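> There's a structure below that I have some questions on.
The values are calculated or read from the model by the stated rules, or taken from the named source; none is laboratory data. Quantities reported herein were computed from a predicted structural model and do not represent experimental measurements. A quick note on method: Cβ atoms are made from the backbone with ideal geometry, for glycine too, and the neighbour counts reach across all protein chains shown.
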């Protein structure tokens, strides 16, 4: 369901980087400060509900073909036009998209689209007013991912190790790292995430201010 649009300029940020680089944490922190929303690409995994749990767990959710990119693009486009969206809800412990439930997200002046493949898809990149890539060493990313998967997603250490070796790292090297070349700005996210969040905040504020000046200049020229 799409509701009537809001009437204000909406700024859309694409935030990419390896799993564990801190994207979700810093995106939520910055969006809360700037009265915006975050869309996580992980929620847009293609439905695998027809498969048994054991088979769902073995799927490579880090590969591009695991993402419902058409639905995601439709939602970004709708939000950027000022419409509320109904984002999917995903059960990470069971590897399931939850049927008949959605998160209602009303459009605000900022949207951050975060995900390892945010800058990989050619059809998504034109929607971003600012594209940022978070960079961190593999050992840092793995530690952060391990903590998250144990505490938030109820996953065993054996499964975390298996998934990281067989899905996460190959996808990172094949798809995520090359997408760094599409970033307007690369931020070092090895530092504490509060510092990374400040860097992201500053980058967005600066680019939004520049965009506002450019819009004013165009209006004045038209007059």
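> Name every residue in region 176-192 that is in contact with a helix residue (DSSP H, G or I) (Cβ under 7 Å, 6 or more places away or on another chain) and either modelled with pLDDT of 95 or more or surrounded by fewer than 18 Cβ atoms within 10 Å (Cβ to Cβ) (or both), in order of residue number. Give the derivation first.
First, pick out the residues of region 176-192 that are in contact with a helix residue (DSSP H, G or I) (Cβ under 7 Å, 6 or more places away or on another chain): 182, 185-187, 189-190.
Of everything in region 176-192, those that are in contact with a helix residue (DSSP H, G or I) (Cβ under 7 Å, 6 or more places away or on another chain) and either modelled with pLDDT of 95 or more or surrounded by fewer than 18 Cβ atoms within 10 Å (Cβ to Cβ) (or both) turn out to be 182, 185, 186, 187, 190.
> Picking from 137, 178, which residue would you name as being without any contact (Cβ under 8 Å) to a residue 60 or more places away in the chain and over 18 Å from the mean Cα position of the chain (by Cα)?
Values: 178 fails: over 18 Å from the mean Cα position of the chain (by Cα).
Within the list 137, 178, the selection yields 137.
> Checking residue 212 against (1) within 15 Å of the chain's Cα centre (by Cα); (2) surrounded by fewer than 18 Cβ atoms within 10 Å (Cβ to Cβ), only one condition comes out false. Which one?
Failing condition for residue 212: (1).
> Run residue 149 past the list (1) part of a helix (DSSP H, G or I); (2) at pLDDT 95 or above; (3) in contact with a helix residue (DSSP H, G or I) (Cβ under 9 Å, 6 or more places away or on another chain) and report the number of the one that doesn't hold.
Tallying (1) part of a helix (DSSP H, G or I); (2) at pLDDT 95 or above; (3) in contact with a helix residue (DSSP H, G or I) (Cβ under 9 Å, 6 or more places away or on another chain), residue 149 fails exactly one: (2).
> For region 1-91, list the strands (runs of 3 or more DSSP E) that sit wholly inside it and hold at least 3 residues that are closer than 27 Å to residue 191 by Cα and under 13 Å from the mean Cα position of the chain (by Cα); which are they?
Values: elements: 11-16, 37-40, 85-91.
Once the strands (runs of 3 or more DSSP E) in region 1-91 are filtered for at least 3 residues that are closer than 27 Å to residue 191 by Cα and under 13 Å from the mean Cα position of the chain (by Cα), what remains is 11-16, 37-40.
Yes/no per residue for (1) within 24 Å of residue 134 (Cβ to Cβ); (2) in contact with a helix residue (DSSP H, G or I) (Cβ under 9 Å, 6 or more places away or on another chain):
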{"site": "35", "(1), (2)": "yes, no"}
{"site": "60", "(1), (2)": "yes, yes"}
{"site": "70", "(1), (2)": "no, no"}
{"site": "85", "(1), (2)": "no, yes"}
{"site": "89", "(1), (2)": "no, yes"}
{"site": "108", "(1), (2)": "yes, yes"}
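> Determine whether region 132-145 contains at least one residue that is under 21 Å from residue 77 (Cβ atoms) and surrounded by 16 or more Cβ atoms within 10 Å (Cβ to Cβ).
First, the residues of region 132-145 that are under 21 Å from residue 77 (Cβ atoms): 132.
Of the ones still in play, those that are also surrounded by 16 or more Cβ atoms within 10 Å (Cβ to Cβ) are 132.
Yes - at least one qualifying residue is present in region 132-145.
> Mind checking whether some residue in region 59-73 is farther than 24 Å from residue 153 by Cβ and loosely packed, with under 14 Cβ neighbours inside 10 Å? Spell out the reasoning first.
Residues of region 59-73 that are farther than 24 Å from residue 153 by Cβ, as a first pass: 70, 73.
Those still in the list that are loosely packed, with under 14 Cβ neighbours inside 10 Å too: 70.
Yes, the conditions are met somewhere in region 59-73.
> Inside region 171-190, can you point out the residues that are over 16 Å from residue 14 (Cα atoms) and in a helix (DSSP H, G or I)?
171, 172, 173, 174
> Could you tell me which numbered condition residue 156 fails, if it satisfies all but one of (1) crowded, with 18+ Cβ neighbours inside 10 Å; (2) over 19 Å from the mean Cα position of the chain (by Cα)?
Result: residue 156 fails condition (1) only.
> Would you say residue 145 is more than 18 Å from the chain's Cα centre (by Cα) and at negative phi?
Numbers: more than 18 Å from the chain's Cα centre (by Cα): no; at negative phi: yes.
No: the conditions fail for residue 145.
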